[in-house]
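Quick one: this structure, given as structure tokens, is what I'll be asking you about.
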Amino acid sequence: MTVLGLDTSNYTTSLAVFDGSGGYNLSRLLAVPAGQLGLRQSEALFQHIRALPQLFSQLAGEGWLKGLSAVGASTRPRAVEGSYMPCFLAGASQGEGVARTLGIPFFAHSHQQGHLAAAAWSAGRLDLLDSPFLAWHLSGGTTELLKVEPQGWSVRAEIVGGTSDISAGQLIDRSGVLLGLPFPAGKELDRLYGQGEGEEKYRIKLDGLTFSLSGMENKVRRMVQAGRGPGEVARFVLDTVTGVVVRTTLRAMERWPGLPVLCSGGVASNTRLRQAMERACSAVFAGAQYSTDNAMGTAILTWRALQAGEAGQ
């Protein structure tokens, strides 16, 4: 039983197939002009519409689209009322069209649910979806600490902490642009981290499980203007983000003792963050390929829905 998943986020066009044990994900990063901090929704939607037929053609050419039993897609950012982002219409409409054409079920998921499923599966811990756990969704637009509980074949995520303003991914990307790096800048800052020296970082204040990162951008700008090296700036940014994420996690674990911690999203692929979180709280991380936006999670949730006997739409 093989299913197809689609995800069209603000940064990546992605298709994936899953058969219950293994799968294959195919992604294409959206093109962001040099010096810009992302894309307007209209431009992201346009790029998705252009990219999807090419990705479908590649999957078909490699024999992945034969004998599909269901199709699933990310249709909104979060599984809450009012959550909406136009770019998800590209994958949702094409996915539902494929399902109708083939006469097979279609399942709608949220982008966040997909991230959590892909992270759990790629870490070899798909069992996490069947009991409560804590999770970080750390991406270009989201820095949320979640309390996650099973909801049938899927999950329900409640925001219990995270940033009150810009996300960790936005801080990283804006810092990268200040350094003249291409967008998104996460991989480059990760590479530059080892070239930095010293242990300088900023201790961000916690308000319960919430914190603010907006002031960090000005600190980084002053460092760049003062001629501090790219490695030093990268180290300062990543050590600061890592420090506040670790402290927030440990505080949450005091409130909900015994719950495992899962980390997903593009920022969760950062080497420094992974090492610190694994050491401090035995956090479980998505495989590197499935930390960033991908469709594997929507495919996994679609397969779980079929296994549970759901009829789909």
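The values are calculated or read from the model by the stated rules, or taken from the named source; none is laboratory data. Predicted model, so just to flag it, every value in this text is computed and none were measured. Positions of Cβ are backbone-derived with ideal geometry, glycine not excepted, and every protein chain shown enters the neighbour counts. Quick note on the areas: whole protein, heavy atoms, side chains included, nothing else; ligands and nucleic acids left out. Shrake-Rupley method; radii C 1.70, N 1.55, O 1.52, S 1.80 Å.
If Rh is defined by the Kirkwood formula over all Cα pairs and Rg also comes from Cα, what ratio Rg/Rh do you get for the range 139-211?
Reported Rg/Rh (Cα atoms, Kirkwood Rh): 1.09.
For the range 125-168, what is the accessible area per residue in Å² when the probe is 1.4 Å?
Details: 1500 Å² over 44 residues.
Using a 1.4 Å probe on heavy atoms only, each residue of the range 125-168 averages 34 Å².
Short version: ³J(HN,Hα) in whole Hz for each residue of the range 237-254, in order, from phi by Karplus 6.51 cos²θ - 1.76 cosθ + 1.60 (θ = phi - 60°), x for Gly and Pro, what are they?
5, 6, 5, 5, 4, 4, x, 6, 5, 5, 4, 5, 5, 5, 5, 5, 5, 5
Among 44-52, 286-294, what's the highest-first ranking by average C-beta atoms within 10 angstrom per residue? All intermediate terms of the calculation are to be shown ahead of the outcome.
Values: 44-52: 19.7, 286-294: 22.0.
Going by the mean number of other Cβ atoms within 10 Å, highest first, we get 286-294, 44-52.
Nearest 10 degrees, 0 to 90: what angle lies between the long axis of helix 41-61 and the longest principal axis of the chain (Cα atoms)?
Here the helix axis deviates by roughly 50 degrees.
Shifting gears a bit: How far apart, in nm, are the 7 Å Cα→Cβ label points at residue 254 and residue 187?
That separation, rounded to one decimal, is 3.9 nm.
How much of the accessible area of the chain, in percent, comes from carbon and sulfur atoms when a 1.4 Å probe is used?
Values: 6520 of 13200 Å².
The computed percentage sits at 49.
Using a 1.4 angstrom probe, figure out how much accessible area the range 70-122 has per residue, in square angstrom, rounded to the nearest whole. Mind dumping the intermediate values first?
Values: 1910 Å² over 53 residues.
That works out to 36 Å² per residue.
Work out the FRET efficiency for residue 46 and residue 69 from their Cβ-Cβ distance, taking R0 = 30 Å, and round it to the nearest 0.05. Intermediate results must be reported in sequence, preceding the final value.
Values: r = 31 Å, r/R0 = 1.04.
That gives a FRET efficiency of 0.45.
How big is the range 155-258 in terms of Cα radius of gyration and Dmax, in angstroms?
For the range 155-258, the Cα-based Rg and Dmax read 14.6, 47 Å.
If you don't mind, another one. Which of the lysines could a cross-linker bridge to residue 205, judged by Cα under 16 Å and excluding same-chain residues fewer than eight apart?
In chain and number order, the partners are 219.
Moving to a separate point now. What is the angle, in °, between the Cα long axis of helix 111-122 and the longest principal axis of the Cα atoms in the chain? Nearest 10 is fine, range 0 to 90.
Compared with the principal axis, the helix lies near 90 degrees.
Now, a different point. Tell me what the chain gives for mean residue ellipticity at 222 nm when only DSSP H runs of n ≥ 4 count, each as -39,500 (n - 2.57), the sum divided by the residue total, rounded to 500 deg cm²/dmol. Kindly include the intermediate steps, with their values, before the conclusion.
Working: 9 runs with 128 residues, N = 313.
The helix-only estimate for the chain comes to -13000 deg cm²/dmol at 222 nm.
Please give the FRET efficiency for residue 164 paired with residue 224, using the beta carbon to beta carbon distance and R0 = 30 Å, rounded to the nearest 0.05. Show your work: numbers first, answer last.
Details: r = 25 Å, r/R0 = 0.82.
E(calc), rounded to 0.05, equals 0.75.
Run the reach check for residue 187 against aspartates and glutamates, Cα to Cα strictly under 18 Å, same-chain hits fewer than 8 apart removed. What comes back?
Counting by Cα, and skipping residues close in sequence, residue 187 has these aspartates and glutamates nearby: 173, 232, 239, 293.
Follow-up question, since we're still on this one. How big is the charge dipole of the range 196-305 about its Cα centre, in debye rounded to the nearest 20, if each Lys and Arg gets +1 on its Cβ and each Asp and Glu gets -1 on its Cβ?
Working: 15 positive and 10 negative charges, 38 e Å.
For this selection, approximately 180 debye.
So, in nm, how far is label residue 207 from label residue 310 when the simple model puts each one 7 Å beyond its Cα toward the Cβ?
Computed distance between label sites residue 207 and residue 310 equals 3.6 nm.
Per residue, how many Å² of accessible area does the range 243-313 show with a 1.4 Å probe? Walk me through the numbers on the way to the answer.
Values: 2770 Å² over 71 residues.
I get 39 Å² per residue for the range 243-313.
In nm, what is the difference between 0.36 nm times the number of residues separating residue 275 and residue 288 and their Cα-Cα distance? Could you put the intermediate results ahead of the total?
Details: separation 13, 0.36 × 13 = 4.68 nm, distance 1.33 nm.
Here the answer is 3.3 nm.
Name the residues whose placed amide hydrogens come within less than 5 Å of the amide hydrogen of residue 30, ignoring near sequence neighbours (fewer than 5 apart) on the same chain.
For residue 30, whose amide H was placed from the backbone, the distant partners under 5 Å are 12, 13.
Report the one residue of 311, 105, 139 whose Cα lies farthest in the direction of the positive end of the charge dipole of the chain (charges on C-beta: Lys and Arg +1, Asp and Glu -1; origin at the Cα centre).
139
Shifting gears a bit: Run the dipole for the range 97-183 about the Cα centre, Lys and Arg Cβ at +1, Asp and Glu Cβ at -1, nothing else charged, and hand back the magnitude in debye, nearest 20.
Working: 5 positive and 7 negative charges, 42 e Å.
About 200 debye.
Could you work out the mean projected area of the convex hull around the alpha carbons of the range 48-120, in square nanometres to one decimal?
Working: hull surface 22.2 nm².
Result: 5.5 nm².
Dividing the convex hull volume of the Cα atoms of the chain by its residue count, what figure in Å³ per residue is obtained? Display every interim value, and only then the final one.
Numbers: hull volume 39.3 nm³, N = 313.
Given the Cα convex hull of the chain, per-residue volume reads 126 Å³.
Determine the relative contact order of the range 90-198: mean sequence separation of Cα pairs under 8 Å and six or more apart, normalised by residue count, in whole percent. Walk me through the numbers on the way to the answer.
Values: 119 pairs, mean separation 16.3, N = 109.
Relative CO of the range 90-198 lands at 15 percent.
Running a GNM on the chain with Cα contacts under 10 Å, which residue among 101, 248, 210 ends up with the highest mean-square fluctuation?
Looking only at 101, 248, 210, the biggest GNM fluctuation is shown by 101.
Here is a follow-up. Measure off 7 Å from each Cα along the Cα-to-Cβ vector at residue 62 and residue 19, then give the distance between these two points in nanometres to one decimal.
1.4
Do any GluC sites (Glu not before Pro) in the range 188-293 lie in a DSSP loop with no more than 12 other beta carbon atoms within 10 Å, and if so, which? Mind showing how you got there, number by number?
Numbers: sites: 188, 197, 199, 200, 217, 232, 254, 278; in loops: 197, 199, 200.
Those satisfying the criteria are 197, 199.
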